[in-house]
């Protein structure tokens, strides 16, 4: 995702209106509240230089005054241990030049878990900025027989407290009224700290920082700040919070069994929990693989009709071919993934909003931890078997930046649906359809999928060692209370992701698709058929140029053309082979594939030997299991990592792995006497 750095003029313009920072613990309903306040008046970028998402939106007071809302990353403390927590701290303190300093902070609390949420809230209150506490999820608290007195909490902390149920828009008007107050007060509430720490704060170089110096280690290091203080700071803060909670929180029937307890008895059961997860994920992938076929077919037909309309309206020539084969085909190749993305993110949104996603992560955490990943990497990796594009977009559910990066780097090893046409063509070439039992085909396919899965786990373990350079640490996965999902929040999430996908990824893919079209179109040949034109094009020349490199894998320049052209999308290999081997349009796709298979089996090298032997076909399939042959995936990785560094690294290392694996298969097979 490209980041937009705001100029000083932009920040000044933002300061002409009130700026509110929205903060809170994960799973407190902060995003739901942000969507309720801003609706579609929001934009998403990345903070410069990091992969942390930056969400801003506008809302209006009861009197029509416009406010800027900055949705900051969820965190449990201002003690920054990751890039997203650093951004939370620095934006609130006004230490980032690309973001205006907030005039006030809206701190969202989960009313059913006040003690934990007040840890971050009390830290922010001490920073000397106006704070409004949004006491959210009051319905969940009531269901759990928990009652909080908003007025007592307000008196204890010295800030306004607004009871809310953001997913039902309850309390939104009261919050707007509180935001509209002409003078937002600063609380003087402070947690009593040990004398040595108070002394170090007072002696810190920048007197204006005050308690904020606690969260900027370099400010206190000259004054004896060390790690042993951490326990004292945490103990002091929780002692004060417990005293406040004793006054404002009342538990009625604390031992009663809640709905969350009943559901967890099923969803976290050692047998029924796995069965339920398999059923839910099975439904998800049935919809992605099967149900999405219908809207994908409609989209394909729509772009086909657009291409036919241009063909009929324009005279034959390069401009027409550019529009039909470059522009329309390039955009269509992106938009066709949209139904899968919508289905995937609808499920992810519902599972997150209900609290079930945390249960999936909890159950998978032990298995994923074997290779250094958390359980939250499971859904994106599983989604990549449908398509790596939505799978990589789904890594936004992984909070830890390094876990997220590792998941992105290994996700393309999952054999997506775009590889299936290549696999089927090669399997049919190895063993003709009329002779191949269905079980044999299934065995080949299962082996290819298994090989990609092994690649995921092996390289996740390698990257965990290289990127983290530390032993794996235990991760605490919060299991929030189940709640009814907000369909409006899920809908806004779908709109945001879909729009960003089409706008950002589509532009990059469109440009590269046009480039690939030019490579297979020029230079023009005066005579000859489509195969001769392709052979003499820049793409054909590239295929011949790389022939010495790919020859040890069993490939010739014709395979090289397929490798070059399939960089647009893996399945393009099949159409490239159809052009290369002069397969004319048949009455139907099955007839065309049969003809292509026969011509490939009959193809020979310059020395008269067969080109597509079973060993060559197997070598080619192994290459496609590991190779990054998809510009769409590279474009998404560029957007999600906010840099070309990682997609280029990914392209490089996966190409090397694919080459070595294919080399081992082909040369090893020859040594063993296979052909």
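Every number in this text was worked out from the coordinates using simple rules, so none of it is lab data. In this text, all values refer to a predicted model and were calculated from it rather than measured experimentally. When we count neighbours, we look across all protein chains shown, and the Cβ atoms used for this are built from the backbone with ideal geometry, even at glycine.
Here region 108-203 has an Rg and Dmax of 15.0, 48 Å, counting Cα atoms alone. With a Förster radius of 22 Å applied to the beta-carbon distance between residue 599 and residue 420, the computed FRET efficiency rounds to 0.60. In this simple spin-label model, placing a label point 7 Å from the Cα along the Cα-to-Cβ direction at both residue 522 and residue 466 gives a separation of 3.7 nm. Out of every Cα-Cα pair that region 601-666 contains, those further apart than 16 angstrom amount to 57 percent.
Neighbour counts of other Cβ atoms within 10 Å put 175, 671, 660 in the fewest-to-most order 671, 660, 175.
Put in line by how crowded their Cβ is, counting other Cβ atoms within 10 Å and starting with the fewest, 211, 639 read 211, 639.
In this simple spin-label approximation, residue 369 and residue 498 carry label points 7 Å from Cα along the Cα→Cβ vector, and these lie 3.9 nm apart. A Förster distance of 25 Å, applied to the separation of the beta-carbon atoms of residue 488 and residue 17, puts the FRET efficiency at 0.50.
Output needed: percent of Cα pairs per 10 Å distance bin for region 346-424, bins running from 0 to the one holding the longest distance. So the P(r) values, bin by bin, are 20, 50, 25, 6. For residue 451 and residue 232, FRET efficiency with R0 = 45 Å and r from the beta-carbon atoms, rounded to 0.05? Rounded to the nearest 0.05, the efficiency is 0.25. Site pair residue 62 and residue 203 shows an inter-label distance of 5.0 nm when each label is modelled 7 Å from Cα along Cα→Cβ. Per Stokes-Einstein, at 20 °C and 1.002 mPa s, what whole-number D in µm² s⁻¹ belongs to region 268-332, with the Kirkwood radius over Cα pairs as the hydrodynamic radius? After rounding, the answer is 146 µm²/s. Take every pair of alpha-carbon atoms less than 8 Å apart whose residues are at least six positions apart; their mean separation over the length of region 547-675 yields a relative contact order of 28 percent.
By the count of neighbouring beta-carbon atoms within 10 Å, fewest first, 406, 336 end up ordered 336, 406. With N set to the residue count of region 302-395, report its C-alpha Rg divided by 2.2 N^0.38 Å to two decimal places. Here the Cα radius of gyration is 1.62 times the empirical estimate. Applying 0.36 nm per residue to the separation of residue 76 and residue 670 and subtracting their alpha-carbon distance, the gain on full extension is 208.0 nm. Taking a spot 7 Å from the Cα of residue 251 along the direction of its beta carbon, which residues of region 347-362 have an amide N less than 12 Å from it? Answer for region 347-362: none. Using the Cα gyration tensor of region 60-148, with a ≥ b ≥ c the square roots of its eigenvalues, what is the shape: rounded (a/c below 1.5), prolate (a/b larger than b/c) or oblate (neither)? Verdict is oblate for region 60-148.
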